[in-house]
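First comes the structure, then the notes that go with it.
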Amino acid sequence: MNINGALQGLVTFGATWVLWLLLGLSLLSVAIMLERGLFFARTGINVAALNEELRRALADHKLSEIKSQLEASPSLEARIVSAGVDTVCAAEAEERMAAEAQLQRLRSEQYLAFLGTLGNNAPFIGLLGTVLGVIGAFAQLDVSGGQLTTGLMAAIGEALIATAVGLLVALPAVAAYNAFQRVIQVRLQRGDALGRVVVAHLHALSHAAVAAPSGGQ
């Protein structure tokens, strides 16, 4: 393979192909942002109301009722709590809910790696277009015998645009990635808080069971 020939071919196309690549990546990132935004909108829940219902169901020992309600909910918090609400041991509940929390994290972070990668690398892709455009501009300058021509100035302008476009693609991707990660963190913390209600209830039942024989004596 002729590496020099391949590089010369890239220089011939200039920054145009890089701009098209950035445009395609930008459209894909927007699609992922919309998909994740809809996902988090669909899986939202009133945590305060769920907390009250959970405490009431545990106090009334209506575990089957709250279990079915939690399993029917698409929210991350409900899925986490449902993993431990029907257990009889606090340690088992903690392990089950911790495992479910990891599964829900993976579910929530789907496609986000692309946004993070794009946010980190889009400026470099744009810089690549700028470098190729500048190389092409120098080639035109050599052909013109050092004279500034309209084509030369257009090539330089196109090269600089590539860097700007790379930054414009990266900034929304980084912002969306950070925002979605924050939402995931908050929801997992809410799920953990609700799970602690279940664990505290199981500890109370365990202590009551231990104290009952001694009380009867």
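Just so you know, all these numbers are worked out from the coordinates, no wet-lab data involved. In this text the structure is predicted, and so the values were computed from the model without any measurement. Counting neighbours? That spans all protein chains shown, and the Cβs are built from the backbone with ideal geometry, glycine included.
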Relative to the compact globular guide of 2.2 N^0.38 Å, what is the alpha carbon radius of gyration of region 168-207, as a ratio?
1.96
Which trypsin sites (Lys or Arg not before Pro) in region 23-101 pass both tests, a DSSP loop state and at most 13 other beta-carbon atoms within 10 Å?
Lys62
Cα-Cα separations in region 14-205 greater than 20 Å, expressed as whole percent:
64
For the pair Ala91/Lys67, report the inter-label distance in nm, with labels modelled 7 Å from Cα in the Cβ direction.
2.2
Say a paramagnetic label sat at a point 7 Å from the Cα of Ala193, along Cα to Cβ; which residues of region 69-108 have their backbone N under 13 Å from it?
77
